[in-house]
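Chemist: Please find one structure pasted underneath; my questions will follow.
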Amino acid sequence: MAVTDFMRTVPDQISRWVPRKRRYSSLGTDGFGRSDTREALRRYFETDAPHLVVAVLSSLAADGKVDPDLVAKAIAHHDLDAEAAVPWHG
């Protein structure tokens with residue numbers, strides 16, 4: 001999992017040089033025109049710690065490494081909206 005305060009294209013550009021033992025996914029702040037604190041922007045763009053935890057668990061669940069129920073528990077624990085639209089689409 002690669003996380004950046006920049007657009008996801010930044011870690012995506014280096015992905016071909018990262019050894020592939022597992023899935024490679026990136027989280028970033030794809031969007032423009034927003035102004036707020038770093039903490040608020042990371043929450044909005046889903047690059048904060050709670051979203052990172054859920055993203056990693058989701059990836060591990062997709063690989064069969066953890067029980068998918070653990071992902072649902074993490075979403076509930078961190079009070080995340082799993083049905084929210086992805087921020088870079090609107």
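The values are calculated or read from the model by the stated rules, or taken from the named source; none is laboratory data. Only a predicted model underlies this, so the values are computations on that prediction, with no experimental measurement involved. Positions of Cβ are backbone-derived with ideal geometry, glycine not excepted, and every protein chain shown enters the neighbour counts.
Chemist: Given the condition out of contact with any Asp or Glu (no Cβ under 7 Å at 6 or more places or on another chain), on the phi > 0 side of the Ramachandran plot and surrounded by 14 or more Cβ atoms within 10 Å (Cβ to Cβ), answer yes or no: does some residue in the range 26-34 qualify?
Modeler: Yes, the range 26-34 contains at least one residue that is out of contact with any Asp or Glu (no Cβ under 7 Å at 6 or more places or on another chain), on the phi > 0 side of the Ramachandran plot and surrounded by 14 or more Cβ atoms within 10 Å (Cβ to Cβ).
Chemist: So which of 41, 52 is touching a strand residue (DSSP E or B) at 6+ places or on another chain (Cβ under 7 Å), outside any loop (DSSP other than H, G, I, E, B), hydrophobic (A, V, I, L, M, F, W, C) and within 18 Å of residue 86 (Cβ to Cβ)?
Modeler: Working: 41 fails: touching a strand residue (DSSP E or B) at 6+ places or on another chain (Cβ under 7 Å).
Just a single option satisfies the conditions, and that option is 52.
Chemist: Exactly one condition in (1) modelled with pLDDT under 90; (2) surrounded by fewer than 17 Cβ atoms within 10 Å (Cβ to Cβ); (3) outside any helix (DSSP H, G or I) is false for residue 66; which is it?
Modeler: Here residue 66 meets the rest and fails (1).
Chemist: Any residue in the range 3-17 that is over 11 Å from residue 30 (Cβ atoms) sitting within a Cβ distance under 7 Å of a residue that is among the hydrophobic types (A, V, I, L, M, F, W, C)? List the pairs, counting only those 6 or more apart or interchain.
Modeler: Pairs that qualify, where the first residue is over 11 Å from residue 30 (Cβ atoms) and the partner is among the hydrophobic types (A, V, I, L, M, F, W, C), are 3/27; 3/52; 11/2.
Chemist: Would you pick out the residues in the range 1-18 that are assigned to a loop (DSSP other than H, G, I, E, B) and among the basic types (Lys, Arg)?
Modeler: Residue satisfying the conditions is 8 alone.
Chemist: I've got another one for you. Output the number of residues of the range 19-38 satisfying the condition of being in contact (Cβ under 8 Å) with a residue 12 or more places away in the chain and not in a helix (DSSP H, G or I).
Modeler: The number of residues fulfilling the criteria is 10.
Chemist: Quick check on my filter: what residues within the range 80-90 are surrounded by fewer than 17 Cβ atoms within 10 Å (Cβ to Cβ) and in contact (Cβ under 8 Å) with a residue 12 or more places away in the chain?
Modeler: Hits for the range 80-90 are 86, 87, 88.
Chemist: Filter the range 39-57 down to the residues that are of a type in the set (A, V, I, L, M), without any contact (Cβ under 8 Å) to a residue 40 or more places away in the chain and surrounded by 16 or more Cβ atoms within 10 Å (Cβ to Cβ) and list them by number.
Modeler: Within the range 39-57, 41, 53, 54, 57 meet the criteria.
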